[in-house]
Amino acid sequence: MKIRNLVDLFTILPEDEKIMVDVLRQIIVETLPKYCKEKISYNVPFFYGNKGICIIWPASIPRGGIKKGVLLGFWYGHKLNGRDRFLCHGTNKQIFYKIYQHMDEIDERPIKRLLKEAIKLDSTFKKVR
């Protein structure tokens, strides 16, 4: 199945994942500067500026590597200072992430702090064309 937009995505997600994806998206959209964009890539929401910033991957979407919950991943997480207290990483040395199992686990303060740091890092990259 090819997901082309958020309506397609929200149509297939179970209610708990849909709510978590929506809340995480709102935090990200509110925090990212205007030059940053959102697109559906690999059937999930992907946010980028000059390069990739973060991704939201619900477990219901194949190839995310998680069996339950919703993953919030930072493309250059290995370069973020706050990663060790909040994010973890698997086999990928670059992408650091947090997996949310329940809506009440989402705390916007550390997410916004990491997003602001990721935005600052993104501003040092040359624009990809």
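Details
- Tabulated pairs, the range 73-100, first in a strand (DSSP E or B), second at pLDDT below 90 and of a type in the set (D, E, K, R), C-beta under 9 angstrom, 6+ apart or interchain: Phe74/Arg83; Phe96/Arg83; Phe96/Asp84
- Only one of the numbered conditions (1) in contact (Cβ under 8 Å) with a residue 60 or more places away in the chain; (2) part of a loop (DSSP other than H, G, I, E, B); (3) buried (at least 19 other Cβ atoms within 10 Å of the Cβ) is not met by Leu115, and that is (2).
- Single residue of Ile55, Ile111, Ile99, Ile119 found to be within 19 Å of Ile3 (Cα to Cα) and among the β-branched types (Val, Ile, Thr): Ile55
- Filter result (among the charged types (D, E, K, R), part of a loop (DSSP other than H, G, I, E, B) and in contact (Cβ under 8 Å) with a residue 40 or more places away in the chain) within the range 7-59: Lys51
The values are calculated or read from the model by the stated rules, or taken from the named source; none is laboratory data. Being a predicted model, the structure only gives us computed values, none of them experimental. Ideal geometry is used to build each Cβ from the backbone, glycine not excepted, and the neighbour counts take in all protein chains shown.
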